[in-house]
Every structure is written in structure tokens, then in C-alpha cells.
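First up is the structure itself, then whatever we jot down about it.
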Amino acid sequence: MIVPLVLMMLLVGITYWISHIMQEDATSQLLRHDPDYIISHFNVRRFDANGMLQHTLIAEKMTHYPDDDTTLVISPHLTNHRPPQTEIFAQQALVSKDSKEIDFINDVRVVRQGINAQTLSTVMETRLLKVFPDDETGYTLTPVTITQGKSIIKGSRLELDNKSGISVLHGRVTGTLYRNQATLP
């Protein structure tokens, strides 16, 4: 009578042990952050409703992680094609799952071309920049430096709108502005 009881206890113990191992394996699978695809040297173009090229994203490498649906981009270069053209560079970027937001990270540089040959390009530099490419807007909560020729302006944070061409600096803003000298023929 004791042998069947011992066998039953052994069977319960083995079942518990197997169940415990299976649960640990399922938990470790959920915690993994492995990429499901990696793309090198890619170029993505987005068009507006009228079929006009709106913006282009080029980068050295893109890695997608399915567990949280994040996309890490190395050496991103985003170009907004609306005149005057604006380009954004950084060391890396995180792209949202719907591609509506891009967080540019480290050594972020925004270059807005001049309106014409006599107008200088405007360069903005910061550490982080959140961009909404379809709306052509963005902001940073980190210190920013804007230069145009010899003029330089610094602020604590910034909001920008590429469509209107208006950038708003917040916090303590300092700068030195130089008048652009028109060249006479």
C-alpha cells in the first residue's frame, strides 16, 4: 500500500518540477529583447496625399525589436523636402511603431537651408530632439545652440515648426546677432 503512495508522490513531484521549469522558460522568453530583423544601409521615402515626396530617412543600420515594437536607427539622416529643405542628423534615433515620432539622440544637428542664395543656412545643435516628421514639427527639452553665419543664440529648450519656419526658444536665452551684409555688384 505504501508503494503506490510513494509512486504517486514521485509523480506529483516530477509534474511540479516540469511545470516550474516550463514557467521559467516562458518568463525568460518574455524578457528577451532580441531583434527580429536588421537592415543595413537603408533609405525610406514618405509621400504626402498628393504624391509629393515629403521626407526621406537614410541610415547605416536599422534594428527592430518585436517585444516592445521599437526600432533603433544608427546614424540617421532625415530630410524634409519642403523648400527650404531641412536635414536632421544624429548618432542614433528611436522610431515609434507607427513611424509618427522619431527621437534623435546624441549630437543632433538640424540644418535648414537658406531661402535663396543670399540667405545663410541655419544650424541647430542639441543632445536630444523629438520629431514628428509628417507634421514637420519637433521639440527638445535639452540645451540648444542655433547659428546662422556668425550669429549665435543659445536656449534651454526649443520648439520648432518647419512649415512656418518658426522656432521658439525657452528658458534663459542668450545670443549675439550680426547683420548680414548684402554684397554689392
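No value in this document is a laboratory result; all are computed from the given coordinates. Everything numeric here is computed off the predicted structure, so don't read it as measured data. Heads up, the Cβs are rebuilt from the backbone with ideal geometry, glycines too, and the neighbour counts pull from every protein chain shown.
Give the residue from Leu129, Gly114, Thr142 lying farthest towards the positive end of the charge dipole for the range 40-185; charges sit on Cβ (+1 for Lys and Arg, -1 for Asp and Glu) and the dipole is referred to the Cα centre.
Checked the options; the winner is Gly114.
So if I place +1 on the C-beta of Lys and Arg and -1 on the C-beta of Asp and Glu, and nothing else carries charge, what would the dipole magnitude of the chain be about its Cα centre? I want it in debye, nearest 20.
1060
Mind putting a number on the dipole of the range 37-135 about its Cα centre? Charges go on the C-beta only, +1 for Lys and Arg and -1 for Asp and Glu, and I need it in Debye to the nearest 20.
The calculated dipole for the range 37-135 is roughly 320 debye.
How far, in degrees from 0 to 90, does helix 2-31 lean away from the longest principal axis of the Cα atoms of the chain, to the nearest 10?
10
GNM on the chain, C-alpha springs below 10 Å: top fluctuator among Thr79, Thr142, Thr71?
The residue that fluctuates most here is Thr142.
Within 10 Å, count the other beta carbons around each residue, average over each peptide in 86-99, 50-63, and list them highest first. List each step's numbers first, then the result.
Numbers: 86-99: 17.4, 50-63: 15.4.
Result, highest mean first: 86-99, 50-63.
For the chain, taking Cα atoms only, what is the radius of gyration to one decimal and the Dmax to the nearest whole Å?
Here Rg and the maximum Cα pair distance are 26.4, 114 Å.
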